[in-house]
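Please treat every number below as a calculation from the coordinates, not as lab data. Since this is a predicted model, take the numbers as computed values, not measurements. Quick reminder, even Gly has a Cβ in these numbers, built from the backbone with ideal geometry, and neighbours come from all protein chains shown.
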Amino acid sequence: MSSEALTPSSSGPEWVLPSRGRVGMFSLIAAESAVFTIFVVAYIFYLGKSVSGPTPKDVLELPIFATICLLSSSLTIHLAVRSLRQARVGAFGLWWFVTMALGTIFLVGTGREWRHLIYNKGLTVSTNLFGTTYYSLVGLHAFHVTVGLLLIALALIFTLLGKVKPEHSERAEVFSLYWHFVDVVWVVVFTVVYIIGR
Amino acid sequence: MSSEAIAFTTVGQDTRPISERLHDWIVTVDHKKLGILYILYGLVFLVLGGIEATIMRIQLIVPHNHFVSPQVFNRMFTMHGTTMIFFVVMPLLFGFGTYLIPLMIGARDMAFPRLNAFSFWMTAFGGVLLYFSFIGGYGLYGAGNAPDVGWFAYAPLTARAFSPGHSTDFWTLALLISGIGSIGTAVNFITTILSMRCPGMTLGKMPLLAWLNLIMGGMVILALSPLTAAQIMLSIDRYLGGHFFDTQAGGSAVLWMHFFWIFGHPEVYILVVPAFAFVSEIIPVFSRKPIFGYPIMVAATICIGFISFSVWAHHMFTVGMSSYGNTFFTVTSMIIAVPTGIKIFNWLGTMWGGKIQFKAPMLFCVGFLFQFLIAGLTGIMLATSPFDWQLGNSYFVVAHFHYVIVGAILFTIFGAFYYWFPKMSGRMYSEALAKWHFWLFFIGFHLTFDFMHIPGILGMPRRIYTYEPGRGWEIWNLIVTIGVLFQIFGVLAFLGNPLWSFWKGELGGNDPWDAWTLEWSTTSPPPDYDFAVTPVVRSRRPLWDRKHPDDPDWKYE
Amino acid sequence: MKCSEHTRGLSLRAAGIAVLQGDVLFAARLCSGAPLAPGQIPSIFKPQSTPANSIFHLSLLVLAITGLIFVVVFSLLVYVVAKFRKRDIDDTCEPPQVYGSNQIELAWTVIPILIVLVLFLATARVIRSIQDAPKPSGAIEVIAIGHQFWWEFRYPALGVVTANELHVPVGDASNPTPTFLTLLSADTDHSFWVPQLAGKTDLIPNRVNRTWIEPQQTGLYLGQCAQYCGTQHAKMLLRVYADSPEQFNQWVQRQKNPAINNDAVADGRRIFETTACVNCHAVSGTIADGHFGPDLTHLMSRETIASGAALNTRENLRAWLQNPDSIKPGSLMPAMQLNEKDLDALTAYLLTLR
């Protein structure tokens, strides 16, 4: 017996299921959220428990500028995706590039902050519990930003080569979900590390 | 149009050179081939894990035995546990899921076929890396550098100070890599089930196997990640001088335990929920009745999924939590027994009033019901924390969890194997050999794991390479070891069956069991594209509707 | 499918039940509150101390409830398997298709919830009574420090330091003298488990845990480390001697004395003090003040060496000194490569440390 259609006589309402890309990305985001949650829990648990060495209050300064850049990049990526959906590929490329620039500025800011902490304040991952948990949490986030930037760069190259079309807007939107997630994580990390923890 | 004309390959007719066929398997993104690869992989590691168990049991057959050194024994229990959980049971369950889910929901493949292949190969590589530890690295002691820190690798035993060399790193890296594979598979399962069901198959009409794998996928997403995080932290400790679990610098050994068990407890439910799925498909077919209480079965499993994330510290009743902590985890651990018990009753309700045929798949499911009942009851004993203060970390716990993983989960995997083997291979297995398998394994299982409870009661802790005479443990250890022999013969009968089948098995046809879910509407084995025309369904049992057009299910659901 | 096949299945299943009943009866034999006669086997069901007793009584309730559940569900399973098997091989007619029943579902949801409630309430009481038990004024305080692979016991109020063999007094209702232990670890995780005296509690570095025992009868209680701590976890044994109050006081007095100084073994003592033994071991009243290994001041007052791995005899002691791996492979004491003459002298010295 072949797998013939088991069709009822009337055609029912249209069969609509959630898009694969969105479901897959949300699942991935859930998994990554769980990873970050564990690092945040470790950070909070170890607040005040370092037996020696610098404390957050001693050495941390609010990275306001870098944060503004990163959070704005959520807006610019949203504008990029909207442009692509409206078939304005040029505008898409522009906003996409701005997103990448803002993300890169954030990373550079993190790098400079770390350089300052390591060379001027003597805080490394092995200094004490604060050092371990701080670099791990912020570093994990920076790693996710880096991966995102690499993918943005890849898409930018495709755009410059003229291969990106309006029908790819859904893929761009799925990717933008990841980028928004990275920003939300930063909001949490910023709050825990620079506000609550100090 | 007959199915033979539609199928691209039928049994035994692929005449291309073997190198080309092997290449096909290596680069495949077809969910059916990947499913079979997962299953074969799991079976290979089942044998390796079984050898490790046999070595341990021989060492423990008499007190003060000298079969292996303590160093080798400690590697054996670490590798046995890690292998069986991550490289046997998980691949087997993922394999069946990967094979069956698209077929059961009327899809042509998984949502992300390349991710599917990537996930399999990551898991496969993780296992190979773990076993490379026997020969690679510094090889400080006789058995190379295999991990010897226990499958849960408690800190600070895993710190550089107490575990020099790379044994711990093999453990960490192998599981990190296979963990990425597992998360990939889970993403695939969730997306496939949510986004690729055939028309008419609402969430309330899909087979329980699909539902339970959806729930399992959600659990994997949330549970594997804490393990990944903890392992990253451990590696930072070991290689970058971090102090996450460095008690000398104020770090907490208990924090590792929390992180590990937040993964570890849901993990065992991740292992058992797909086992429930197999039973929920097999019992109805062999009882000739629909599953009793489909909506409750779904709801109960969702409850189990959620509650399983709240019980983790029942593995830590002895670490000195406050009485409030211990009480909380006692409550949650007892509550999870309620939805679990409901499922047992529903399976019994399915069999009630049926016309049960005791073919091999059903035999294993009945074994499952018996053994899972006992496992659940010893679980309740362990959930009462004062009782756990005596029974915990002893052979009673070892007996309990083997009752779950072998007596419940492995039995259902055997049942699933016999049930879907005709679909995957096109041939029937030998029912007589399967029955030998069942009875030999059943006897061996009970000899080993029933009597294993007793040394625990008599004070025998886990993970000891030898024990003192005069504690009264000798006779029980002897019986436990003898049971292993029966299990080995049972597994040999199991492994021999497919070989017999390819040599002498008759063709099974599309639907040898007269079953009701969509996979049985395809040829055996199904064509590469699964369905020539996407099916449209109207009830939970589309083939029942087709076979009983005057009395279809959708009138009653 | 032949009927006979299934009857055989039933009889084998009945055999399974018989085995289980045998297990239960055996377990019942294990259960008794009376002290052990010589040659009898200790178990968690032969408690000899207050916390172990509480656990035992709770466990009886748990076993009764789970036993009842087992009997009910197992009987259902056997009934279903026997009554609803397909009898006629040519019978192709399907049985009535039943999809569920809300009333039944409700019943078998509510009843388990009630059972859980009963169990939980009983359990919560026992948790409190053991964990939050007040410490009477006559309690003995011991600090237990877990090492790889031996136990250090300190009695701060009494000024006693010993290893591996714990002595505690037996009290009575009018003058309770339970022993409250503070549990610490010098290296990795360990667990203090003497089944007849109490449930186990872990010793975790950088964490302070507490437990207590209250033996009711004098005697020797055996236990061992119950948390995997490394290569020789298996031989980190425990011996708890419950003494009468007089015996306990005598023991304490003897332990408080400094080491016996016997000139006849001066040679051995010199070897001890110059062969790096003093880096790890302490002998009070001498220059030896190491803390990595057990205190040896009253080594010969103990019945075993190497944390229970061997009896404390001259031969074993000498073998241990010559090569610890011969008794406990993987123990952290190195073989000091002494020649035969030095070994004899050293052993003779240690034998005087009563």
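Segment B:228-274 and segment B:470-533 have their alpha-carbon centroids 36 Å apart. Enumerate the helices in chain A for which the Kyte-Doolittle hydropathy averages 1.6 or more and the C-alpha atoms extend at least 18 Å along the helix's axis, using complete DSSP H runs. For chain A, where a helix must reach 18 Å along its axis and average at least 1.6, the hits are A:129-160.
Secondary-structure-derived ellipticity at 222 nm for chain B, considering helices only, amounts to -21000 deg cm²/dmol, per-run term -39500 (n - 2.57) for DSSP H runs with n ≥ 4.
What are the aspartates and glutamates whose alpha-carbon lies under 15 Å from the alpha-carbon of C:Lys341, with same-chain residues fewer than 8 places away excluded? By straight Cα distance, C:Lys341 reaches C:Asp267, C:Glu315. Excluding same-chain neighbours fewer than eight residues apart, the lysines reachable from C:Lys135 by a Cα-Cα span under 27 Å are C:Lys46, C:Lys200, C:Lys256.
In the neighborhood of C:Pro51, defined by Cβ-to-Cβ distances under 15 Å, what is the net charge if each Lys or Arg adds +1 and each Asp or Glu adds -1? Mind dumping the intermediate values first?
On the way: positive: C:Lys46, C:Arg125, C:Arg128, C:Lys135, C:Lys200, C:Arg210; negative: B:Asp388, C:Asp132, C:Glu214.
Every neighbour counted, the sum reads +3.
Highest-first packing order for the peptide set B:168-179, B:380-391, B:478-489, A:96-107 is B:380-391, B:168-179, A:96-107, B:478-489, based on the mean count of other beta carbon atoms within 10 Å.
For the protein assembly as shown, a simple Cβ point-charge model (Lys and Arg +1, Asp and Glu -1, everything else neutral) yields a dipole of about 940 debye relative to the Cα centre. Placing a label point 7 Å from the Cα of C:Ser326 along the Cα-to-Cβ direction, the residues of segment C:337-352 whose backbone N falls under 15 Å from that point are C:337-348.
Distance between the pseudo-spin-label points of B:Val128 and C:Arg314 (7 Å out from Cα toward the beta carbon): 6.2 nm. Annotation: amide H of B:Ile356 within the under-5 Å range of C:Arg85, C:Lys86, sequence separation 5 or more or interchain, hydrogens built in the peptide plane. Rounded if a/c is under 1.5, else prolate if a/b is larger than b/c, else oblate: which is segment C:207-301, with a ≥ b ≥ c the root eigenvalues of its Cα gyration tensor? Oblate.
The residues C:Thr177, A:Thr146, when put in order of fewest to most other Cβ atoms within 10 Å, stand as A:Thr146, C:Thr177. Taken over chain C, the percentage of Cα pairs per 10 Å bin, counting from 0 up to the bin with the maximum distance, is 5, 19, 24, 19, 13, 9, 7, 4, 2, 0. Positive-end ranking of B:Asn477, A:Phe39, B:Phe438 along the dipole of the protein assembly as shown, with charges on Cβ about the Cα centre, is headed by A:Phe39. With an a/c value under 1.5 for the gyration tensor axes a ≥ b ≥ c computed over the alpha-carbon atoms, segment C:263-351 is described as rounded.
What FRET efficiency do you get for B:Leu240 and B:Ile26 if R0 is 51 Å and r is their Cβ-Cβ distance, rounded to the nearest 0.05?
Given R0 = 51 Å and the Cβ-Cβ separation, E is 0.90.
By the count of neighbouring beta-carbon atoms within 10 Å, fewest first, A:His116, B:His437, C:His190 end up ordered A:His116, B:His437, C:His190. Per the Debye formula on identical point scatterers at the alpha carbon atoms of segment C:140-254, with no solvent, log10 I(q)/I(0) at q = 0.13, 0.19 Å⁻¹ is -0.45, -0.95.
Of all DSSP bridge pairs formed entirely within the protein assembly as shown, close to 70 percent run antiparallel.
So if I average 1/r over every pair of distinct C-alpha atoms in chain B and take the inverse, what Kirkwood radius in Å does that give? Display every interim value, and only then the final one.
Working: mean 1/r = 0.0411 Å⁻¹.
Taking the inverse mean of 1/r over all distinct Cα pairs, chain B comes out at 24.3 Å.
The mean count of C-beta atoms from other chains within 10 Å of the C-beta of residues in C:99-108, rounded to a whole number, is 6.
Which semi-axis lengths, in whole Å and largest first, follow from the square roots of five times the eigenvalues of the Cα gyration tensor of the protein assembly as shown? Let's see the in-between values first.
Numbers: eigenvalues 571, 313, 138 Å².
They are 53, 40, 26 Å, listed from largest to smallest.
Sequence-distant contacts, meaning Cα pairs under 8 Å at least 6 residues apart, place the relative contact order of chain B at 17 percent. Of all lysines in the structure, those lying under 18 Å Cα to Cα from B:Lys555, and not within fewer than 8 positions of it along the same chain, are B:Lys205, B:Lys289, B:Lys547. Packing-based ranking of A:18-29, B:459-470 yields B:459-470, A:18-29, ordered from highest to lowest mean Cβ neighbour count within 10 Å.
Amide H contacts under 5 Å for C:Ile140: C:Thr179, C:Phe180, restricted to partners 5 or more places along the chain or on a different chain, H placed in the peptide plane at 1.01 Å from N. For the pair segment B:284-298 / segment B:365-419, the C-alpha centres are spaced 23 Å from each other. What's the center-to-center distance, using Cα atoms, between segment A:96-167 and segment B:149-222 in Å? When both Cα centres are located, 27 Å separates them. Relative to the Cα centre, the charge distribution of segment C:140-254, modelled as +1 at Lys and Arg Cβ and -1 at Asp and Glu Cβ, gives a dipole magnitude of about 200 debye. Put in order of Cβ neighbour count within 10 Å, fewest first, the listed residues B:Val44, C:Val208, B:Val298 become C:Val208, B:Val44, B:Val298. Across q = 0.09, 0.10, 0.12, 0.15 Å⁻¹, segment B:147-301 modelled as identical point scatterers on its alpha-carbon atoms has Debye log10 I(q)/I(0) values of -0.41, -0.48, -0.63, -0.81, in the order of the q list.
For the segment B:266-272, counting C-beta atoms of other chains within 10 Å of every residue's C-beta and taking the mean gives 0. Using the Cβ-Cβ distance between A:Leu75 and A:Val108 with R0 set to 22 Å, the FRET efficiency works out to roughly 0.65.
What's the average, rounded to a whole number, of partner chain beta-carbon atoms within 10 Å of each residue's beta-carbon in B:109-117? List each step's numbers first, then the result.
Details: counts 0, 1, 5, 3, 0, 0, 1, 0, 0.
That works out to 1 on average.
Ordering of B:405-413, A:45-53, A:159-167, A:175-183 by packing is B:405-413, A:175-183, A:45-53, A:159-167, highest average first (other Cβ atoms within 10 Å, averaged per residue). Between the Cα long axis of helix C:340-351 and the first principal axis of chain C there is an angle of about 80°, rounded to the nearest 10. Simple spin-label estimate for C:Ala122 and C:Gln250 gives 4.4 nm between the two label positions (7 Å along the Cα-to-Cβ direction from each Cα). Here the spin labels are modelled as points 7 Å beyond Cα on the Cα-Cβ line, and at C:His291 and B:Phe67 they lie 4.3 nm apart. In this calculation the C-beta distance from A:Val184 to B:Phe306 is compared with R0 = 22 Å, giving a FRET efficiency of 0.40. Placing unit charges on the Cβ atoms only, positive for Lys and Arg and negative for Asp and Glu, gives segment C:263-351 a dipole magnitude near 120 debye about its Cα centre.
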